[in-house]
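Notes follow once the structure below has been shown.
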Amino acid sequence: MTGQREQFRSRIGFILAAAGSAVGIGNLVGFPVNAAKSGGAAFLLVYAGFVLFICIPVMIAEMSLGRHTQRNPLGAYNSVSGNSPLWRIGGWLAIITPFMIAVFYQVLTVWLLAYFVGAATGNLEAMAQPDYFGDFINSGSVFIYLLILTVLIGLVLNSGVQNGIERLAKVLMPTLFVMLLALTAFGLTLPNALIGVKFYLVPDLAKISPQVVSNALAQAFFSLSLGMGILITYGSYVSKGDSISGGAKMVALVDTSVAFFAGLLILPAIFVFNPATDPAELSTSSVSLVFTFLPKIFLSMQGIVGYFAANLFASAFFLLVFFAALTSQVSILQVPISAFQDELGYSRLKSVLALGASAALLVLACTVSFGMVAFFTNFLSYGGADKSFFDLVIDVFYDTILPLNGFIVCLFVIYRWKKVNMNAELAVGDSEFEQSMAKKYIDFSLGTFIPVVLFLVFVNTVCLKFLGFSLI
Ligand code: PFF
């Protein structure tokens with residue numbers, strides 16, 4: 001590509017954009033669901049341990065590789081390895097994975113937009129009915145929301161890194177923080193909320209099993225947007241004057257804090273709804289929690305605050321999650337876009353259009369795989385269950401490939417690019433890095449136990465998802 005590579009305008013812009021990528025459905029919904037199922041604060045502690053000791057080093061490795069090479073993931077792997085065909089596999093995986101994650105994330109984001117509109121137009125009563133969700137996802141209106149969202153995202157991406165992504169994050173992220181805190185504070189004033197707080201914050205260590213530990217790592221990885229080339233790509237837009245390790249720590253802190261507060265919002269709300277809630281009943285998926293369980297909870301608030309305020313609360317919640325999903329979705333799509341620009345020399349507009357065209361069919365296939373089209377609904381059968389096309393995309397790209405990509409990035413950075421080169425890049429814009437504890441820890445861990453742990457999680461997930469048994 002000719003011309004200067006785009007850059008984030010400011011350090012805070014970069015941190016908000018990276019936090020915008022990280023903070024998403026995973027934090028606001030996935031984390032509370034996991035915490036509710038797996039011992040509350042006990043899960044939080046395991047999760048925080050993974051963020052600190054495994055995820056932050058991987059994040060730093062990805063960002064430094066991006067800034068050093070000034071490339072998308074494919075270009076980064078190629079340029080450092082001298083076009084080695086073996087390492088190129090890592091580059092391709094780091095392009096294809098975000099592309100496929102974007103496909104299923106788009107479907108969830110569409111539903112969030114529709115639920116926001118539903119609550120904002122006073123429809124909560126209908127939304128809380130048991131059949132509403134199933135009917136909605138199989139109705140024609142999904143396609144209208146899909147079109148609106150696709151155009152919106154296309155416009156942001158076409159405006160570029162500074163004017164699109166950075167500007168969006170600078171507006172939406174602070175709004176999101178304020179909304180999250182306000183909703184949490186309000187939720188905590190409702191009767192019985194404290195039962196939920198206690199349930200969340202008193203750790204139940206008996207719930208921690210090897211499977212919960214493995215889930216916590218997968219959750220942390222997804223939540224921080226690791227293993228999918230995003231941070232390599234965002235790293236390539238970071239100025240040489242900024243500290244990468246400082247930025248990574250800030251992003252991890254923001255991401256984990258948002259997850260923590262989301263737990264403090266959702267768990268008490270559940271107990272406001274029904275003080276006798278049996279936590280075992282919460283063992284549903286995140287999707288059913290947000291779209292079938294939460295509308296019921298919000299509706300139940302009408303007894304305390306009235307129907308209008310219940311709709312208002314629900315619409316604020318869905319808008320919050322929608323904003324978080326939108327900034328994440330934009331970040332995921334920026335990866336293939338930067339690959340089109342760098343590798344094929346496409347203009348930004350042409351890249352956005354090429355991406356839209358190639359993703360459209362896959363998104364449609366996911367959208368109709370909840371009953372509309374039998375072929376995609378009963379797509380395959382493996383691991384002892386029938387799976388739709390949507391399930392397949394999640395099982396392969398969210399559950400399985402992420403830890404594999406993380407494993408590859410660690411090996412690549414430490415053994416191919418080499419530690420000294422990574423450290424030299426990390427010292428740029430950060431005069432204290434050389435002497436820091438962080439450097440010593442990263443030096444030791446990235447080439448040793450972190451890839452081992454990631455590889456084990458990958459193998460276990462393959463066994464669990466596709467072969468129907470668990471190693472642990
Ligand atoms: N980190 C986002 C979340 O927690 O929802 C999701 C996400 C964003 C996943 C970007 C993958 C990604 F590339």
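The values are calculated or read from the model by the stated rules, or taken from the named source; none is laboratory data. Bear in mind the structure is a predicted one, so any value in this text is a computation, not a measurement. Glycine also receives a Cβ, built like all others from the backbone with ideal geometry; neighbour counts cover every protein chain displayed. For accessibility, only protein heavy atoms count, side chains too; no ligands or nucleic acids. Shrake-Rupley method; radii C 1.70, N 1.55, O 1.52, S 1.80 Å.
For this structure, a couple of remarks:
- Computed log₁₀ I(q)/I(0) - Debye formula, equal Cα scatterers, no solvent, the stretch 1-83, q 0.15, 0.17 Å⁻¹: -0.77, -0.89
- Across the chain, C-alpha contacts under 8 Å between residues 6 or more apart give a mean separation that, scaled by the residue count, equals a relative contact order of 32 percent.
- Accessible-area order (highest first, 1.4 angstrom probe) of the listed residues SER225, SER10: SER10, SER225
- Over 22 Å [Cα-Cα, the stretch 53-152], rounded percent: 53
- Computed about its Cα centre, the charge dipole of the chain is approximately 900 debye, with only Lys, Arg, Asp and Glu carrying charge at their Cβ.
- Ligands, DNA and RNA are left out, and with a 1.4 angstrom probe the accessible area of the chain is 38 Å² per residue.
- Set LYS240/LYS440; LYS249/LYS439; LYS37/LYS198; LYS249/LYS440 screened for pairs whose C-alpha atoms are more than 18 Å apart: LYS240/LYS440
- Built amide H within the under 5 Å cut-off of LYS387, gap 5+: PHE379, LEU380, SER381, TYR382
- Residues whose amide H falls under 5 Å from that of SER236, counting only those 5 or more places apart or on a different chain, are ARG67, with hydrogens built in the peptide plane.
- In sequence order, the stretch 335-349 has phi-based couplings of 5, x, 4, 5, 5, 4, 5, 6, 7, 9, x, 5, 6, 4, 4 Hz under the Karplus curve 6.51 cos²θ - 1.76 cosθ + 1.60, θ = phi - 60°, and Gly or Pro positions carry x.
- Charge-dipole axis of the stretch 26-151 as Lys and Arg at +1 and Asp and Glu at -1 on Cβ define it, positive-most pick from SER81, ILE60, ALA48: SER81
- Karplus (6.51, -1.76, 1.60) ³J(HN,Hα), θ = phi - 60°, over the stretch 236-243, in Hz, Gly and Pro reported as x: 6, 9, 8, 6, 5, x, 9, 7
- Value of Rg to Rh for the chain, rounded to two decimals, is 0.95; Kirkwood radius and Rg both from alpha-carbon coordinates.
- Sparse packing (at most 16 other Cβ atoms within 10 Å of the Cβ) combined with a DSSP loop state is found for the following trypsin sites (Lys or Arg not before Pro) in the stretch 156-250: LYS240.
- Take every pair of alpha-carbon atoms less than 8 Å apart whose residues are at least six positions apart; their mean separation over the length of the stretch 360-472 yields a relative contact order of 27 percent.
- Table column - 3J(HN,Hα) (Hz), the stretch 383-391, Karplus curve with 6.51, -1.76, 1.60, x for Gly and Pro: x, x, 9, 7, 10, 8, 4, 4, 4
- Mean separation of Cα contacts under 8 Å (6+ apart) over length of the stretch 188-305, as relative contact order %: 47
- Descending semi-axes in whole angstrom, ellipsoid equivalent of the stretch 105-166, from the Cα gyration tensor: 28, 12, 8
- Expected 222 nm ellipticity per residue - DSSP helices of 4 or more, -39500 (n - 2.57), all of the chain, to 500: -21500 deg cm²/dmol
- For a straight C-alpha distance cut-off of 18 angstrom, the aspartates and glutamates reachable from LYS350 (same-chain residues fewer than eight places away being disregarded) are GLU6, ASP342.
- Rg over Rh, two decimals, the stretch 312-421 (C-alpha only, Kirkwood Rh): 1.07
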